[in-house]
Amino acid sequence: MHYWSYPTYNDTAHRSAAGAETNATTLSWWMLAMIVFPEVQCRAQAEIDAIVGRDRLPTPADAPRLPYVQAIIKEILRYRPTTPFLIPHAATEEDWYEGMYIPKGTTCIANAWHCNHDREVFGEDADEFRPERHLDENGELLPGPFETNQAGHVTLGFGRRICVGKDLLNESLFVNTARILWATKLEAPRDENGKQVPLDIETTVDGGVV
C-alpha cells in the first residue's frame, strides 16, 4: 500500500516543533525510568565510568562503546512512545489487509503503542522496561526485530514515511542521557521524614487522541 502524508500550514516549522517536544518528552520518560529502575541507572553509569572516565564528558563518538546506554534509549522509545498513534496518512490506492478492504483515500493511523508492546514480537515481558532485550549475551547491541526495521521500536514510524529526523533524535538523546548519567545521580524526591517518595511509571492518561 502507498501513502501520502497530510500537509501542514508550515511543514518545516511543524517538524521542528514536533522534534523538540518529542525529544523533551522522551527525556522526561527516561529520567522517570532511571529513578524507578535504579539498577539500570547504576549499570549505565558503570559503563560510562569504565569507557569515558571522569576527565571528560561523553561525546557522540563514544556511542559505539556504550551499548547499554544505547539500549536504554531504544527501550524507552519502545516502552513509552511519545506519539502512541503516529501521524495520519492516506492510502493512495485501494488495498486489502488481513481480509479488510481499504479504499483509496482512507485515513490510516498506525498504533505505535500496540506495535511496541506486541508480545509476538518482543516476548511475554513486552510491557516491562528491560533494556537488556536489545543486547546479546556479550552485552553488544542486537539488530531490532524485523517488524521494527531493526530499530527495536516503531516510535519514529516506518517505511518511506519514517521520521526524517530519526538520526538527529537518536544522537541528541544519546548525548543528553550519557552526560546526565556522567554528571549526576537521579533519585526520587523525599518526604518530610527523608524517605524517598515512590513514583508511578505505569499509570497513563487515557483521554483519547490529542
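The values are calculated or read from the model by the stated rules, or taken from the named source; none is laboratory data. Keep in mind that this is a model prediction, so the values were computed, not measured. Positions of Cβ are backbone-derived with ideal geometry, glycine not excepted, and every protein chain shown enters the neighbour counts. Quick note on the areas: whole protein, heavy atoms, side chains included, nothing else; ligands and nucleic acids left out. Shrake-Rupley method; radii C 1.70, N 1.55, O 1.52, S 1.80 Å.
The table for this structure:
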{"quantity": "Selection from the stretch 71-107 of residues that are in contact with a strand residue (DSSP E or B) (Cβ under 6 Å, 6 or more places away or on another chain) and in a helix (DSSP H, G or I)", "calculated": "71"}
{"quantity": "Which numbered condition residue 198 fails, given (1) modelled with pLDDT of 95 or more; (2) under 17 Å from residue 35 (Cα atoms)", "calculated": "(1)"}
{"quantity": "Positions within the stretch 177-205 being within 17 Å of the chain's Cα centre (by Cα), farther than 17 Å from residue 43 by Cα and in contact (Cβ under 8 Å) with a residue 12 or more places away in the chain, in sequence order", "calculated": "201"}
{"quantity": "Residue in the stretch 108-121 that is over 20 Å from the mean Cα position of the chain (by Cα), exposed (fewer than 14 other Cβ atoms within 10 Å of the Cβ) and either part of a helix (DSSP H, G or I) or polar (S, T, N, Q) (or both) present", "calculated": "no"}
{"quantity": "Neighbours by Cβ (under 9 Å, 6+ apart or cross-chain): first from the stretch 48-71, free of Cβ contacts under 8 Å to residues at least 24 places away in the same chain and surrounded by 12 or more Cβ atoms within 10 Å (Cβ to Cβ); second part of a helix (DSSP H, G or I) and among the basic types (Lys, Arg)", "calculated": "51/65"}
{"quantity": "Which numbered condition residue 95 fails, given (1) surrounded by fewer than 12 Cβ atoms within 10 Å (Cβ to Cβ); (2) at pLDDT 90 or above", "calculated": "(1)"}
{"quantity": "Unmet requirement for residue 127, which otherwise passes all of (1) in a loop (DSSP other than H, G, I, E, B); (2) charged (D, E, K, R); (3) in contact (Cβ under 8 Å) with a residue 40 or more places away in the chain", "calculated": "(3)"}
{"quantity": "Looking only at the stretch 156-185, and only at residues there that are in a loop (DSSP other than H, G, I, E, B) and modelled with pLDDT of 95 or more, the one that is least open to solvent (accessible area, probe 1.4 Å)", "calculated": "184"}
